[in-house]
Structures are given as C-alpha cells and as structure tokens.
Amino acid sequence: MIPLPCDIKKQPSTKISQKPLWQSQLAQAFSCPLDLLAFLKIDAGNILELNASRAASAFKMRVPRGFAQKMQASNPDDPLLRQVLPIGKELDNPPEFLSDPVGDQHAKITPHLLHKYRQRVLLVASAQCAVNCRFCFRREYPYQAHGDFSQELAYIRAHPDIKEVILSGGDPLMLNDNQLGKLIAKLNQIEHIGRLRIHSRMPIVLPSRVDDGFLNTLQTARAKWVMVVHCNHAQELGADVHAAISALKAIGVTCLSQTVLLKNVNDDLATLCELMEQLFNHGILPYYLHTLDKVRGSAHFDIPQADALCLYDALRAHLSGYLVPRLVTEIQGEPYKTLLHAPLAF
Ligand SMILES: *Cc1c(COP(=O)(O)O)cnc(C)c1O
Ligand code: SF4
C-alpha cells in the first residue's frame, strides 16, 4: 500500500457547535484519498498508482462528504471522483503545461486584484476552496495572506470605468458571512459599481453554504448580483443544489454556469446535453464552456481542440440556443475570452 499524507483523525468534538452547518460539513470533508476510496468501496490498489501520494502532497485533496455521496460506489471511473482524486499522472510534465497558463500574474494590479478586461475586475477573495479540483488553473497560484482588501478597494475607487467586481479565488464563498458583509459594505460605498459577481463551486459541492445568513448578507449589497456556478456533470446536481439556487433566485440573483471540458469526465455529447438541460432545470442558465487551461498536472484531462469543436458543433445541433454555453478559451493578452466558434445565432 502506498503511504498517503492523510490528516491525523480528529476526535469528534462533544461540544455543541455554534458554527453554521456548512462550516462543520467543511471540517468533515475527505482529505485522505484512502478514506474517500474506502467510503466508495473502491480498492485503492487498483486506482492509486505510484506517485499518487506525491500528487496529493503537491495539491491537497479536499472533497465534501455530500459531494462524495453523489459519486457511484465501486466505480473507479466515476466522473466526479476523477475530478478530485490525486493520481500519479499529475506528475507528467508536458512542456506546454504551465504554472500560470492564463497569465494571471501579468494581470495582477495589487496582491489580490486582477484587471484583464474592461469594465470589470477580479478580486481573489479567498485562497481556499471547498473542493480541490485537480485541473484547477490556479492550483499553483501564489495566494497571499488576506487582509482588508484596502489596496484593491482603493484601485477600484480610483477607476470609475470599472462597473463590476467579480469575487473569485479560490472560492469566495469560503469567506464567512461576516467577512463577506464587511467587503460588501465597502463596495457599497463605491458608486460606479453596479454589479457584483461571484464565481463559486460551493452552491454545487457544498450547497448548505447558501443559508439564511448568506442570503441576508447578499441582500445588504446595493449592486445587482450575478452568481456563476462551476459545474461539470449532471451528477453533481440534485435536490440540495436546486434548493440553494431557488433561494438565490428568490432574492433576485441571476444564476449562470461555467463548465470545463474534461477528458473522461464530460467529453461526450450525451453527457454535455444532459448537463445543460439539468442546469436549466435547476434554474441555472449555461454561460461558459471552457477548454482546459493547460496548467501543470492536468495533461490527462486535455482533449484536442479539433475534438472540442466537433463536440460543440454537435451540442449546438441538439440543444435549444439558450441551453448552449459559449465555448471559450483564455489567451493571454486578448481583450476578452476567445470564442472558439462562430457566434451563436440569437
Ligand atoms: C474570466 C475573467 C473575467 C470575466 O470575464 P467575462 O467574459 O465577463 O465573464 C474577468 N476577469 C478575469 C481576470 C477573468 O479571468
Ligand atoms: S473550486 Fe474553482 S478555484 Fe477551487 S479548485 Fe476548483 S476550479 Fe480551482
């Protein structure tokens, strides 16, 4: 058996917790690949090749239990498991796979602010996520300790052409309601900010994050909210996600999705059609379908661009126009995310 850097198991606390449910669920997330595989009744020897342990030390595994419950037991090829389980292939190093494939470091204005595109800035609001996706293009991002975002807010204040602030990360919903509320209060004072956007995977992987405290916090904003959830497979959805999205929509949040095209996870027509239809059924409008950003450690998720285009063409031929996300890739220095196809005809 290959040794893995598992956390030492904490004794369950007998104290009654004052924490919100999402925080205690987060504390119980799987962080040891062997525990996750045991839970799924998968023989670790069959799936964890040599080097899996080094991959897990380089980028820790984190999987909320609710997300693990959506995986199929006894299936080592489960599309949700593939996204989160550290494997030895992550140490393959083809030269075109880079530490910063999208040029984040060139777009960095202050320690936590990226300004790439006009009218909007991206605030790296948290260094943490509820789930660590093995293909994450920020898996090597040099996150810096967070303070009060004073430099970031000063820049936004000084640039009246900025109309929208995107809270991203990491996952911005890893901030607690108090931290989010303070940030919103400061953004409320900047008159030219009319829209606030959240890019998060938490409404999908830890939907209990969308609780009353969170909804109340969002409602303290003067600006309009947009929530872009990251979801890659219909199996990630369910009644819990549906409830979270319904609650967001009930307070007027526009809900959109982004998906990464991933080999052996969602790179076939039936899977993508099902995902887009189910997103809509959950109240989410498909927005972006990203090709993989070539970050080190993710080569085994890559598919040739010609195959992506072919798949996308088939998707457009199958679905109603509004169910088809934009197929995009991020090219450093371009003024917007690059469309990989002719514009949608609507
Ligand atoms: C993707 C991205 C945005 C948002 O782009 P939209 O096309 O508006 O969704 C903004 N800033 C950065 C740095 C980005 O990477
Ligand atoms: S949730 Fe987003 S930022 Fe976090 S690891 Fe996954 S892809 Fe990366």
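Each residue of the range 198-203 was assigned a 3J(HN,Hα) from its phi angle through the Karplus expression (A = 6.51, B = -1.76, C = 1.60, θ = phi - 60°), giving 10, 9, 8, 9, 5, x Hz with x at Gly and Pro. Highest GNM mean-square fluctuation among ALA44, ALA185, ALA158, for the chain modelled with Cα contacts below 10 Å: ALA158. Among 114-120, 195-201, the peptide with the highest mean count of other Cβ atoms within 10 Å heads the list, and the full ranking is 195-201, 114-120. Each Lys or Arg adds one and each Asp or Glu takes one away; over the other residues whose Cβ falls under 15 Å from the Cβ of GLU277, this sums to -2. Net charge dipole, the range 22-164: roughly 340 debye, given to the nearest 20, about the Cα centre with Cβ charges of +1 for Lys and Arg and -1 for Asp and Glu.
For CYS255, nonlocal amide neighbours, meaning residues 5 or more places apart or on other chains whose placed amide H falls under 5 Å from its own, are MET227, LEU285. Each listed q (0.08, 0.13, 0.15 Å⁻¹) maps to a log10 I(q)/I(0) for the chain, found by the Debye formula over equal Cα scatterers with no solvent: -0.38, -1.09, -1.48. Between LEU113 and VAL124, the built amide H atoms are under 5 Å apart, and every one of these is 5 or more places off in sequence or on another chain. Below 8 Å between Cα atoms, with a sequence gap of 6+, how large is the relative contact order for the chain in percent? Reported relative contact order: 15 percent.
Taking the accessible area of the chain, probe 1.4 Å, and keeping the other protein chains in place, the carbon and sulfur fraction comes to 53%.
Distances between placed amide hydrogens fall under 5 Å for ASP302 paired with LYS263, all partners being 5 or more residues away or on another chain. Each Lys and Arg contributes +1 and each Asp and Glu -1, all at the Cβ; summed about the Cα centre of the range 82-199, the dipole is approximately 260 debye. For LEU275, the solvent-accessible surface with a 1.4 Å probe is about 0 Å², rounded to the nearest 10. Only one residue of ALA58, LEU323, LEU153 has its Cα farthest out toward the positive end of the dipole of the chain, where Lys and Arg carry +1 and Asp and Glu -1 on Cβ, and that residue is LEU153. Could you give each residue of the range 150-157 its phi-based ³J(HN,Hα) in whole Hz, using Karplus coefficients 6.51, -1.76, 1.60 with θ = phi - 60°, and x for Gly or Pro? Karplus values, whole Hz, x for Gly and Pro: 5, 5, 5, 5, 5, 5, 5, 4. In the chain, helices alone account for a calculated mean residue ellipticity at 222 nm of -8500 deg cm²/dmol, with every DSSP H run of four or more residues adding -39,500 (n - 2.57). A Cβ-based charge dipole, computed about the Cα centre of the chain with Lys and Arg at +1 and Asp and Glu at -1, lands at about 1000 debye.
Can you check what the net charge comes to around ALA58, using other residues whose Cβ is under 12 Å from the Cβ of ALA58 (Lys, Arg +1; Asp, Glu -1)? Net local charge, ALA58 excluded: +3. Pairs over the 30 Å Cα-Cα cut-off, from the set LYS70/LYS249; LYS70/LYS108; LYS19/LYS60: LYS70/LYS108.
Pull up the DSSP beta bridges for the range 85-233 and report the antiparallel fraction as a percent, rounded to 5. Antiparallel: roughly 20 percent of the beta bridges in the range 85-233.
Shown are GLU152, GLU191, whose ranking by accessible area with a 1.4 Å probe and every protein chain present, most to least, is GLU191, GLU152. Mean sequence separation of contacting Cα pairs (under 8 Å, at least six apart), scaled by the length of the range 155-308, corresponds to a relative contact order of 19 percent. Among ASP267, ASP212, ASP43, ASP104, the order of accessible area from largest down is ASP212, ASP43, ASP267, ASP104, computed with a 1.4 Å probe on protein heavy atoms.
Surface analysis of the range 168-310 yields an accessible area of 36 Å² per residue, using protein heavy atoms and a 1.4 Å probe.
Within straight-line reach of LYS163, meaning a Cα separation under 17 Å, sit the following aspartates and glutamates at least 8 residues removed in sequence or on another chain: GLU152, GLU191.
Solvent-accessible surface of the range 50-120, taken per residue with a 1.4 Å probe and all protein chains present: 47 Å². Simple rule: put +1 on each Lys or Arg Cβ and -1 on each Asp or Glu Cβ in the chain, find the dipole, and look at ALA38, ILE184, PHE67; the Cα lying farthest toward the positive end is ILE184.
Here the simple spin-label model places points 7 Å from the Cα toward Cβ, and for ALA38 and ALA145 these points are separated by 3.6 nm. Take every DSSP beta bridge whose two residues both sit in the chain; close to 20 percent of them are antiparallel.
Each residue of the range 107-112 is assigned a 3J(HN,Hα), and the resulting list reads 8, 6, 9, 9, x, 10 Hz, derived from the Karplus form 6.51 cos²θ - 1.76 cosθ + 1.60 (θ = phi - 60°), x at Gly and Pro.
Of the peptides 124-135, 26-37, the order by per-residue mean of other Cβ atoms within 10 Å, starting with the highest, comes out as 124-135, 26-37.
The values are calculated or read from the model by the stated rules, or taken from the named source; none is laboratory data. The shown structure was predicted, so the numbers you read here are calculated from the model rather than taken from an experiment. Here the Cβ is made from the backbone with ideal geometry for all residues, glycine too, and neighbour counts use every protein chain on show. Quick note on the areas: whole protein, heavy atoms, side chains included, nothing else; ligands and nucleic acids left out. Shrake-Rupley method; radii C 1.70, N 1.55, O 1.52, S 1.80 Å.
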